[in-house]
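*Asks:* Quick one: structure below, then a few questions.
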Amino acid sequence: MALLTPEDLENIRKQLEKADTAVSKVTGLDVKGICKDLYGTSPHYESVGIVPVTSGNGIIGNFSASLNVIADYFGFDSFVTEMPDVSGYYEAVESGAEIILMADDHTFLAHNLTNGKIANNQPCTGIIYADIASRYRYADSKDVLVVGLGKVGFPGAEHLVNKGFNVYGCDPDKSLMKKAIFKLGITPFDLKTPKKFSMIFEATPCANTIPETVLAEKCLVSTPGIPCGLSGELQKKYNVDLVMEPLGIGTASMLNSVL
């Protein structure tokens with residue numbers, strides 16, 4: 001969560017609506033529909049207690065309020081506790097929360113107190129953004145490129161492999177590449193190779209990671225990355241369909257996964 005800034009979370013509802021429209025355009029389903037297909041769940045106004053956490057680098061401005069907006073947008077009944085940390089956790093439970101949402105510098109989790117299910121935001125984010133990429137209406141093959149194979153990218157790549165896609169992957173970290181090749185059987189890919197993809201899942205914290213050499217005309221880039229891995233210039237030049245939103249889509253995936 002340390003990569004997010006208050007500015008990233010400004011006008012979060014408008015960002016959600018824009019992203020939801022983009023997802024519907026490229027897949028035929030909105031985010032709720034994709035979550036239902038992924039997890040077989042739909043929210044029914046479950047109570048979500050959002051607990052601010054002050055440890056580490058402290059509370060990110062707008063973060064708890066943004067989670068409140070997101071949970072409400074996707075059909076949950078949410079509230080932010082007045083107290084942070086352990087006191088906030090106690091307050092949430094005492095107030096009847098069925099699901100707890102909380103994050104520190106390392107982990108953002110959802111914990112369903114009624115069924116015991118718990119989820120980490122990183123794999124849930126990777127899975128849903130990869131799934132969005134896999135559903136691209138205008139894809140011309142089963143080939144999909146994954147840029148970044150860390151805590152978000154690896155689960156997304158695994159999801160794509162399990163769905164039967166031909167997954168090409170790249171990461172500057174050789175140990176992450178070795179793990180993905182050995183455990184998932186992905187095809188290692190050099191971004192300098194002039195191979196075009198109609199589906200790209202990008203999961204890095206770096207700008208401009210996607211070069212022109214891999215962009216097919218009218219392709220999809222699905223990315224939770226901050227900053228965006230695709231330049232505005234290339235997006236316009238290749239008429240790229242871009243799905244990118246800083247927090248809400250991954251949070252929706254996480255919340256639905258614990259229902």
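*Asks:* Using a probe radius of 1.4 Å on heavy atoms only, what accessible surface per residue do you get for the chain? Whole Å² is fine.
*Replies:* Result: 46 Å² of accessible area for each residue.
*Asks:* Which of these values of volume of the Cα convex hull per residue in Å³ was calculated from the structure shown: (i) 103; (ii) 143; (iii) 119?
*Replies:* Looking at volume of the Cα convex hull per residue in Å³ for this model, the match is (iii).
*Asks:* Oh, and also: Would you grab the residues whose amide H sits under 5 Å from the one on Phe197? Only those 5+ places off in sequence or on another chain, please, with H modelled 1.01 Å from N.
*Replies:* Leu215, Ala216
*Asks:* Of all DSSP beta bridges located in the stretch 101-259, what percent are antiparallel, nearest 5?
*Replies:* So the antiparallel bridges amount to about 25 percent of the total.
*Asks:* Another question about this same structure. With a Cα-only, solvent-free Debye model of the stretch 121-259, what are the log10 I(q)/I(0) values at q = 0.14, 0.18 Å⁻¹?
*Replies:* Here the Debye-derived log intensity ratios amount to -0.55, -0.94.
*Asks:* Expressed in nm to one decimal, what extension gain is obtained for the pair Leu234 and Thr21 from 0.36 nm per residue of sequence separation less their Cα-Cα distance?
*Replies:* 74.6 nm
*Asks:* Over the Cα atoms of the stretch 140-209, what is the Rg over Rh ratio if Rh follows Kirkwood?
*Replies:* 0.92
*Asks:* Work out the length of the dipole vector of the chain about its Cα centre, built from +1 on the beta-carbon of each Lys and Arg and -1 on the beta-carbon of each Asp and Glu, and round it to the nearest 20 debye.
*Replies:* So the dipole magnitude of the chain works out to roughly 1240 debye.
*Asks:* Rounded to a whole number, what is D in µm²/s for the stretch 74-186 from Stokes-Einstein with the Kirkwood radius over alpha-carbon pairs (10 °C, 1.306 mPa s)?
*Replies:* 97 µm²/s
*Asks:* Give me the percent of the accessible area of the chain that comes from carbon and sulfur atoms, probe 1.4 Å, all protein chains in place.
*Replies:* 53 percent
*Asks:* Now for a different question. Just to check I understand the Karplus step: with θ = phi - 60° and J = 6.51 cos²θ - 1.76 cosθ + 1.60, what whole-Hz values come out for the stretch 163-177, glycine and proline as x?
*Replies:* Per-residue couplings from phi come out as 7, x, 8, 8, 9, 9, x, 8, 6, x, 7, 4, 5, 5, 5 Hz.
*Asks:* While we're here: Once the dipole of the chain is set up with Lys and Arg at +1 and Asp and Glu at -1 on Cβ about the Cα centre, which of Thr223, Pro52, Phe76 lies farthest towards its positive end?
*Replies:* Thr223
*Asks:* Also, I was wondering about something else. Using a 7 Å offset from Cα along Cα-Cβ at Lys183, what residues in the stretch 140-154 end up with backbone N under 17 Å from the label point?
*Replies:* Answer for this model: 146-154.
*Asks:* To continue, here is another question. Which loop trypsin sites (Lys or Arg not before Pro) in the stretch 86-168, with loop taken from DSSP, have no more than 11 other Cβ atoms within 10 angstrom of their Cβ?
*Replies:* Of the trypsin sites (Lys or Arg not before Pro), the ones in loops of the stretch 86-168 whose Cβ has at most 11 other Cβ atoms within 10 Å are Arg137.
*Asks:* Among all stretches of the chain without exposed chymotrypsin sites (Phe, Trp or Tyr not before Pro) (DSSP loop, at most 15 other Cβ atoms within 10 Å), which one is longest?
*Replies:* 139-259
The values are calculated or read from the model by the stated rules, or taken from the named source; none is laboratory data. In this text the structure is predicted, and so the values were computed from the model without any measurement. We place every Cβ from the backbone using ideal geometry, glycine too, and count neighbours over all the protein chains shown. For accessibility, only protein heavy atoms count, side chains too; no ligands or nucleic acids. Shrake-Rupley method; radii C 1.70, N 1.55, O 1.52, S 1.80 Å.
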